[in-house]
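Here's the structure, in structure tokens; my notes come after.
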Amino acid sequence: MEQLTQHLPTDRSSPRLRFERLDIFSEPDEAHVFRKIPFHRGLNLVWAKEPAVGRASGTRAAGHGVGKTSLCLLLRFCLGEPSRAVAELRDELFDEYAQGGVIAVLHVDGQPFTLCRYFNPHKEGMACAGIVADIWGCDTETSDRAFLKKLADDMMSPVSPRNIPETNQAIEWKHVLAWISRDQGSRFKSFFAWREGEGAQLQRSRQDPPIVMRAVLGLLEQGESQLMSQLAALEEKLRQAKEDAEALLREPVLIRRRIESSLRARGNLPSDLPIRTNDFFADSVEQRIKAANEGAAARLAQWDVKQEDADQAVAELRANLKLLQSEHDTAQAEYNLADAARRGDEEAFQSIGAQLLKLRQLTSHCEEGNRPFSQCQYVQEEISKLKLASLRDARDKTNLQKAMAESVQRAGRVLTRKNDLKSKIDAMAGKEKTLATAQQMIRMAKRTAELEANKWPALLDELDRWENTAGSAHAQAAIDASREKNAQIEQELNRARTQLTVLQQDRSERERALAQITDGLTRQLLPDGAVGAFDPRDEVRPFRLSMRGGEAYRVLEVLLGDVACMLDSARAESALPGLFIHDCPREADMSAGLYENFLALIGLLQKTQYEDLELPFQYIVTTTTPPPTELQNDAVCLTLDPSFDEGLLFGRRFVGDRQAALG
């Protein structure tokens with residue numbers, strides 16, 4: 001025993017996390033608490049007694065279905081585990097106890113808390129600091145969910161690193177909880193079988209659990225973590241660089257295929273027609289494209305001429321239309337003047353007459369006199385008459401009336417001229433619309449011809465550029481640079497791998513301490529020459545026994561590995577909570593004698609090594625196998641008996657329940 005105890009740490013005298021009590025109630029008051037389970041530091045056995053042969057029958061004849069697994073699930077429920085098995089038990093208990101739940105007294109880093117959680121998943125529980133006799137009367141605002149989040153944060157705060165180096169996945173409390181509370185589902189078949197099926201949701205089922213274990217135990221040093229992250233980054237960088245190099249090698253072939261495919265598709269040319277040929281008279285894609293390009297260019301030239309003619313016609317028509325419109329405006333003003341004279345409207349007559357004075361600025365052509373307005377005698381006479389019509393006093397009244405009378409005589413002639421001009425304008429506007437439509441159609445046809453003429457040279461130019469650059473010094477330089485980059489990354493990767501290997505071979509004091517504890521436990525349990533070893537980087541069996549004995553010794557490896565980590569959790573460098581829950585490890589193909597000796601070793605160790613039972617761990621184990629006689633008084637915290645209802649965890653069997661499968 002001394003070979004073992006001399007290596008045990010004494011930094012802590014109490015586990016970071018432990019249960020003091022678990023109560024089950026059917027309704028939220030003290031009178032309806034129907035089960036109280038006390039726990040203590042050190043080994044806690046939950047013993048499901050099997051009745052003597054012949055004293056019971058049916059379901060009462062075996063220590064199964066009494067609530068062992070249900071108790072473990074309730075403990076995990078109080079630790080915030082989100083697994084499917086916990087949720088299913090909670091739903092079943094909600095059907096039986098709609099107002100029921102559990103009360104747990106927990107010690108977290110030396111501070112006690114009282115937690116109440118209901119079976120109703122929609123009902124919020126509560127938590128109080130200290131040991132509270134009546135949790136329902138506790139004046140607190142802390143919900144059970146808030147407490148469990150803080151519990152997870154507190155338990156994970158010493159873990160370093162907090163992320164798996166290669167994947168950067170966060171290491172969470174649920175990962176640690178899946179390790180420290182093993183259930184029958186994993187059958188204890190391997191050390192890293194953590195909640196198989198439900199899963200701790202680690203991205204890599206093989207590589208990640210060992211990294212989580214080392215991070216929690218304080219065995220993943222900062223330098224090693226950085227090297228692992230660097231290796232992951234370099235491997236990704238090398239993968240990308242290789243893809244880039246392969247793309248450079250494939251690119252010329254792909255480009256040529258794309259160009260040739262486009263050339264054949266645009267020309268609707270057969271696939272067996274060569275792209276180019278040295279024979280001037282031989283047919284090729286290039287020859288057909290050149291011929292098509294020349295035809296398209298000729299058609300484009302024809303459309304250029306047509307567009308020029310259409311643009312000229314539209315421009316001339318619009319100029320003539322503008323002249324006609326100007327003449328029409330003048331005729332309209334003259335007609336308005338005559339109409340005002342006819343009506344005897346002096347004010348309108350003078351206003352319209354003032355407008356006609358602007359005829360002095362006219363530079364267009366007068367149709368009446370077939371000469372410019374500036375030389376038109378008719379216009380000049382009209383201007384003179386209007387000047388005389390300007391009123392300065394009442395004596396001009398006679399002149400005004402005379403001018404109005406003469407305007408009335410011209411009204412018919414002016415109206416006829418105005419209407420003729422309007423007809424010409426309407427006819428010319430219709431012709432303009434026709435010419436504009438034809439002009440637009442010519443422009444669209446020309447644009448189509450331009451696209452047709454331009455599509456061929458672009459692909460031929462691209463093919464020329466490819467032939468001038470593919471295999472050129474520039475292209476080869478890019479390929480050589482890519483290969484050199486790959487070689488540099490591979491050198492960096494090999495250096496990092498070598499550094500990591502050297503670092504891992506230099507075993508730390510922490511690793512040696514755990515190896516010595518493992519070996520001490522093995523020699524104490526198997527004194528006939530067996531030895532134990534610990535390799536934290538082994539992805540399958542980090543804890544190994546030298547014995548060959550089939551499945552039983554594989555299970556023992558898992559148990560001794562957990563116990564070694566649990567005993568080492570008293571060390572300041574370890575972030576393990578010091579709490580382990582094992583559900584019926586004996587049933588995982590382990591012999592009764594070996595199992596009894598294992599439990600006896602834990603009991604002997606805690607009595608001889610730790611004074612005043614200041615135990616830095618709490619180990620909760622359920623069993624149907626009778627524990628060693630010396631442990632049946634002090635280590636057993638709960639005895640379950642299937643031979644009567646009061647001996648069951650919940651005091652009765654549920655109708656159509658799953659408890660036989662759970663316990």
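Here are some notes:
- For segment 9-139, convex hull of alpha carbons as volume per residue, Å³: 144 Å³
- Computed label-point distance, nm, for sites ALA170 and ARG652 using a 7 Å Cα→Cβ extension: 4.3 nm
- Accessible area of segment 1-148 belonging to carbon and sulfur atoms, whole % at 1.4 Å probe: 47 percent
- ASN494/ARG318 FRET efficiency (R0 60 Å; Cβ-Cβ; nearest 0.05): 0.15
- Shape analysis of segment 94-198 based on the Cα gyration tensor places the equivalent ellipsoid semi-axes at 29, 20, 13 Å, largest first.
- Accessible-area value, TYR335, 1.4 Å probe, nucleic acids and ligands omitted, Å²: 60 Å²
- Largest to smallest accessible area among TRP179, TRP136 [probe 1.4 Å]: TRP136, TRP179
- Ligands, DNA and RNA are left out, and with a 1.4 angstrom probe the accessible area of segment 557-658 is 34 Å² per residue.
The values are calculated or read from the model by the stated rules, or taken from the named source; none is laboratory data. Just so it is clear, the structure is predicted and the values come from calculations on it, not from any experiment. Note that each Cβ is placed from the backbone with ideal geometry, even for glycine, and that neighbours are counted across all protein chains shown. Heavy atoms of the whole protein, side chains included, go into the accessibility calculation; ligands, DNA and RNA do not. Shrake-Rupley method; radii C 1.70, N 1.55, O 1.52, S 1.80 Å.
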